1. Among the residues of region 357-391, write down those that are assigned to a helix (DSSP H, G or I), more than 19 Å from ALA312 (Cα to Cα) and hydrophobic (A, V, I, L, M, F, W, C).
2. Quick test of your reading of the structure: GLU331 fulfils all but one of (1) without any contact (Cβ under 8 Å) to a residue 60 or more places away in the chain; (2) out of contact with any Asp or Glu (no Cβ under 8 Å at 6 or more places or on another chain). Name the failing condition by number.
3. Of (1) of a type outside the set (Asp, Glu); (2) farther than 21 Å from SER370 by Cα; (3) touching a residue at least 12 places away in the same chain (Cβ under 8 Å), ASN292 satisfies all except one. Which?
4. If you take the residues of region 130-186 that are of a type in the set (Gly, Ala, Ser), under 20 Å from the mean Cα position of the chain (by Cα) and assigned to a helix (DSSP H, G or I), which of them is modelled with the lowest pLDDT?
5. Scan region 160-173 and tell me whether some residue there is surrounded by 21 or more Cβ atoms within 10 Å (Cβ to Cβ), out of contact with any Cys (no Cβ under 9 Å at 6 or more places or on another chain) and without any contact (Cβ under 8 Å) to a residue 60 or more places away in the chain.
6. How many residues, within region 14-61, are farther than 13 Å from PHE254 by Cα, aliphatic (A, V, I, L, M) and surrounded by 19 or more Cβ atoms within 10 Å (Cβ to Cβ)?
7. Report, by residue number, each residue of region 295-328 that is aromatic (Phe, Trp, Tyr), in contact (Cβ under 8 Å) with a residue 40 or more places away in the chain and either surrounded by 17 or more Cβ atoms within 10 Å (Cβ to Cβ) or within 20 Å of ILE365 (Cβ to Cβ) (or both).
8. Consider GLU67 carefully, then state whether it is more than 27 Å from SER203 (Cβ to Cβ), in contact with a strand residue (DSSP E or B) (Cβ under 9 Å, 6 or more places away or on another chain), at pLDDT below 95 and not aliphatic (A, V, I, L, M).
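The values are calculated or read from the model by the stated rules, or taken from the named source; none is laboratory data. This one's a predicted model, so the numbers in the text were calculated from it and none came from an experiment. Cβ atoms come from the backbone with ideal geometry, glycine included; neighbour counts cover every protein chain shown.
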Amino acid sequence: MIKSDKYWVTDGESFYDIKNPLNSIHFNWTGNYSGDYIQLSNAYFETARTVIAAILNESSGHEKSDEWFFPAIYLYRQAIELLCKGLLFLIIPKKEMPDYLKKYSHRIYDAFNIYLNTVGDAISLNITECVWITNYLENLEYIDANSNLFRYPIREGYLSGFKDAFLDIVDMANGINQCYSIMYKCVPLNYNPLKYSAEIDLSTRTDVLYFASHGIRNCMLYDSPFDAGYYPHIQGYSKLAYFLIDRMPKNHCFFLPIAFLIRHAIELGLKCILVSRVEHGVMLNIQKKNINSHNLYKKLWSVVKEPIKYYADISNYDLSLVQLTDKYLCELSKIDKEGKKFRYPTTNGLEYHFKNLTIDYYQSIHWMISVFNFLDGCTAMMEMAYDYENQIRTEMKSEIY
């Protein structure tokens, strides 16, 4: 978990502040939609590969294999989706692309089939590769049509029936890595389409999920009963972001996957507080109404703020931090309200996100980490409050009987 004593909400700070010009990065999108989608796709892919390498190099323990694997697979999945859309820009007229982006959204299988059918015999893949990748993408769409499977607790999706099972990290990583490598052969020559072709092994099964019989160096599908299953994902997304900050190139394409990881950790943290079991928490009907929202400020923070203030007040904590966090989350919501701007170069209407923006790489990342750290502290506070309230209830029952 990111250390809360290093980065914390502070008055007068902004995502856009440039503290050190030497750390500045510029969002220099080229205006070539296909190229920009391919470039961002490659950043997500290289980030995923870096994470998987770190997981496999873990010599002992299960922290990385159990907590980092889901975010890593999500990074891979997002890379594939971006690449698929980049290929569509090569064959679909610009005026029609907004409809395609909206219609197919996360449906990679259907979108890639359009690409295959349009290019026909001009495809850069052989028949065996075409069969392999379409089978793999069909399976991926079946289990994760909305791109949520690896972002939220396992109880919410396809994996809910496999609690406490183990996912085979090596086989799953090889499969999704190969999917990208095959699809990447279709990019224009200036992007080096054979860059990953040496990793293709068509004898590999086309299943997305591989289950293992043991947990040694594999990922356990752990579903915490105490926090609606959010804890492992909060840990994974936040730790992974911190791990990557100084390991990836400092440019706008590699900034975006890291920013997404932190933003998603913030969203998960807010949802964990939303479903907290404390007596003075959010009412159940509001929990159910807002739990699936990605709107950080209006749908999540606005409804958890009062319970946080209540328990901070009775614990004699500094309430001014709540107001500071309100400003932070209001700003972050304006930057990326629904969790899309850090994942795509453009809107569905082909308007570029962060067009011609210059930011301080470290300032923007650390500013977002500050929000997460505060919310993480609130989560711990609410859990302590619940434990205390539960203890009081138990004592009162024992006195009655």
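1. ILE365, TRP367, MET368, ILE369
2. Among (1) without any contact (Cβ under 8 Å) to a residue 60 or more places away in the chain; (2) out of contact with any Asp or Glu (no Cβ under 8 Å at 6 or more places or on another chain), GLU331 violates only (1).
3. (3)
4. Only one residue tops the list, namely SER160.
5. The answer is no, given that none of the residues of region 160-173 is surrounded by 21 or more Cβ atoms within 10 Å (Cβ to Cβ), out of contact with any Cys (no Cβ under 9 Å at 6 or more places or on another chain) and without any contact (Cβ under 8 Å) to a residue 60 or more places away in the chain.
6. Adding up the residues that qualify gives 3.
7. TYR297, TYR311, TYR328
8. Yes: the conditions hold for GLU67.
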